[in-house]
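Following: one structure in C-alpha cells, then a few remarks.
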Amino acid sequence: GTKYLAHGDLEKAVLDFKRTLTLKPDYDLAVFNLAQAYRRMGDDDAALAGFEHYLTLDRSDPFVHYQMGEIWLDRGDLPKAEQLFRVLLTETHRIEVARQRHDAAPDKQAAEADRGGLDTVASRVDHVVLAVHDLAAATASMRDRFGFHEITLADPRPGVAAVAVGGVTFVLVGPEASPAVARYLTQRGPGVQHVAIEVLDAGYARACLVDGGAPLLTEVAVDADGHEQFFAANDPASGVQLGFISRTGHRVGVGTANVVQLFDALAP
C-alpha cells in the first residue's frame, strides 16, 4: 500500500490498506496512510474519519492535526481549523523542548485496550460554564487579570457573557439570565456549573453513558443551528456536572439558550 501511495495509484493503495486493517484493525501506520489516500482522492469525509481513528491510537502526532486542519480550512470552518492548528503548535513545541532535554525519556506503556465507546467520539472541552454573582465584575476580572477577551455569543441575552483565550472558552452566567440561575446561585454559590465536552455524535455518546450507568438529566436536544446537546446529572462521587455537544450544524458561537437549559433542568 505504501508503494502504491507513493506512486499515486490511490485506488490500489486504498484496497491494500483496507486488507491490512482487516487483519490488524489498529495498525496505526495503515490507518494513517489510508486516511492520506482518501485525502488525495478528494474524499475528505473518509479522510477525517481515518485521521480521527488514528488519533485514538496516537494523539501526540502533530502532522495529523495539520492534515485535519487543512481539511477544515478548505471547508471554510475557520474555528475548527484554528483549534487543530493550535494543537499542532502545542505538540510541536512540546517535541522541540523534549529534544533539548538531556535526561532519558520515560518509559511509556501502550494504551489499554478497554477504552469505552465515548473515547471514540469525544474530541475536546468545548466550554466551561461558570455561575457568577456579578457578571460585569467577573467578566472584567477574566479580561484584565487573566488576559481573556470577550467573544460574541450566538444568541446574546442579558446575564450571559463569554470570554476566551487561545482555544479555551468560559461562559459566565449571572442571576439576571433567568430565575433558575438566580436560585442556583442562592443554593450553591458561584463556581463551575458544568463542563461541556464536544463529541462527534451526541446520540451515540448518550447511549455509551446509558450503557455505563451514568446518571443523565436530559435527552438529546437540537437547537436552531443544528447543534445536538444533552446533560448528565451531577456526579456525587466527583462533584462534576457534564454536558455533551455535537456541533453537527453550523459552527457558531456558544448558544445562551443551551447554557441556560441546564439551569432550567436543575430547577425544582
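Laboratory data are not the source of any read-out in this text; all were calculated from the coordinates shown. Because the structure is a prediction, the values reported are computed rather than measured. Positions of Cβ are backbone-derived with ideal geometry, glycine not excepted, and every protein chain shown enters the neighbour counts.
General remarks:
- Residue-count net charge about P175 - beta-carbon cut-off 15 Å; Lys, Arg +1, Asp, Glu -1: 0
- Summed side-chain charge close to V220 - residues other than V220 whose Cβ falls under 12 Å, Lys, Arg +1, Asp, Glu -1: -3
- Likely footprinting exposure, M68, M142, fewest C-beta neighbours within 10 Å first: M142, M68
- Gaussian network model of the chain, springs between alpha carbon atoms under 10 Å - residue of A154, A224, A207 with greatest fluctuation: A224
- Between helix 135-144 and the chain: long-axis angle, C-alpha atoms, 0 to 90°, nearest 10: 50 degrees
- Computed over the chain with a Gaussian network model linking Cα atoms closer than 10 Å, the most mobile of V240, V220, V128 is V240.
- Helix 62-74 axis, angle to the chain major axis (alpha carbon atoms, nearest 10°): 70 degrees
- Per-residue [θ]222 nm for the chain (sum of -39500 (n - 2.57) over DSSP H runs n ≥ 4, rounded to 500): -14500 deg cm²/dmol
- Range in the chain, longest, excluding exposed GluC sites (Glu not before Pro) [loop by DSSP; at most 16 other beta-carbon atoms within 10 Å]: 1-111
- Unit charges at the beta carbon, dipole of the chain: most positive-side option, L242, F230, A137: A137
- Chain lengthening between D264 and L216 when straightened (0.36 nm per residue, less Cα-Cα): 15.8 nm
- 0 to 90° range, to nearest 10: angle between helix 78-100 axis and the chain longest Cα axis: 70 degrees
- H194 sits among other residues whose Cβ lies under 14 Å from its own Cβ, and their net charge, with Lys and Arg +1 and Asp and Glu -1, is -3.
- Model label points for A237 and L200, set 7 angstrom from Cα along the Cα-to-Cβ axis, are 2.7 nm apart.
- Options [x] -0.32, -0.63; [y] -0.29, -0.56; [z] -0.36, -0.65 - which one matches log10 I(q)/I(0) by the Debye sum over Cα atoms at q = 0.07, 0.10 Å⁻¹ as calculated here: [x]
- With both residues required to sit in the chain, DSSP beta bridges show an antiparallel share near 75%.
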